[in-house]
Structures are given as C-alpha cells and as structure tokens.
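The values are calculated or read from the model by the stated rules, or taken from the named source; none is laboratory data. Here the structure is a predicted model, which means the values were calculated and not measured. Every residue, glycine among them, receives a Cβ derived from its backbone with ideal geometry; neighbour counts consider all protein chains shown. To get the accessible areas, we keep the full protein, side chains included, count just its heavy atoms, and leave off ligands, DNA and RNA. Shrake-Rupley method; radii C 1.70, N 1.55, O 1.52, S 1.80 Å.
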Amino acid sequence: MPRLSTFHGIVIYMYIRDHGVPHVHAWHGGDRAVVDLASGQILAGRLKPRETGLVRRWIEIHRSELIAAWEHASAGESPGTIEALP
C-alpha cells in the first residue's frame, strides 16, 4: 500500500490494483476514509470535517497527478508520490 503523501497529520495511500472508481485512502489518527478523486466525496469511512476539507483541497490541487497515479497503480505499478498540502 504505497504512501502518496502526508500533510497536517493526514496520510494518503493508494492501493496497487485497487478497483472501483479512482480514489485514495486517507488516514488521520483512528479515522479512515476512502475519498473519490472526481468529487472529493467520502465513499466509505469517516474523517473529521477539518481533515475532510484538507483532503478535498489537496485532491483539487493535484487531481491530474492523482488520476495518473491511479492509472499506474491499476496497472500494478507504483503510483509514486505527490507533493503535500502546504
């Protein structure tokens, strides 16, 4: 499970050969969520409102990079890393 980025205590992962709509897994403390790359909506799990907003902002900034990372991961390749949210 490659780590894409870490910012403000949030760790973002993208699983290799994951299925479904393009998404990331966001972890913060004991909270875990699956977040859609197209809409920023939480598909499963939960994050507190502050962390949800930070993840959504990060996705907006890096959406094209995230889609490319999803394509790599779906092909069984490393998705690489993506710059943290400032």
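Through the Karplus equation 6.51 cos²θ - 1.76 cosθ + 1.60, θ set to phi - 60°, convert the phi angles of the range 71-86 into ³J(HN,Hα) values in whole Hz; use x for Gly and Pro.
4, 5, 4, 5, 8, x, 9, 5, x, x, 10, 9, 3, 6, 6, x
With the other protein chains left in place, how much accessible area per residue, in square angstrom, belongs to the chain at a 1.4 angstrom probe?
On a per-residue basis, the chain sits at 53 Å².
How high is the relative contact order of the chain? Use alpha-carbon pairs under 8 Å, at least six apart in sequence, and give a whole percent.
The normalised contact order for the chain reaches 31 percent.
How large is the Rg to Rh ratio of the chain when both quantities use alpha carbon positions and Rh follows Kirkwood?
0.92
Can you give the helix-only mean residue ellipticity at 222 nm for the chain, where every DSSP H stretch with n ≥ 4 adds -39500 (n - 2.57) and the sum goes over all residues, rounded to the nearest 500 deg cm²/dmol?
After summing the helix terms and dividing by the residues of the chain, the value is -11000 deg cm²/dmol.
Over the chain, what percent of the accessible surface lies on carbon and sulfur atoms, probe 1.4 Å?
C and S atoms contribute 55 percent here.
So how far apart, in nm, are the two label points at S78 and R57 if each is 7 Å from Cα heading toward Cβ?
For S78 paired with R57, the spin-label model returns 2.9 nm.
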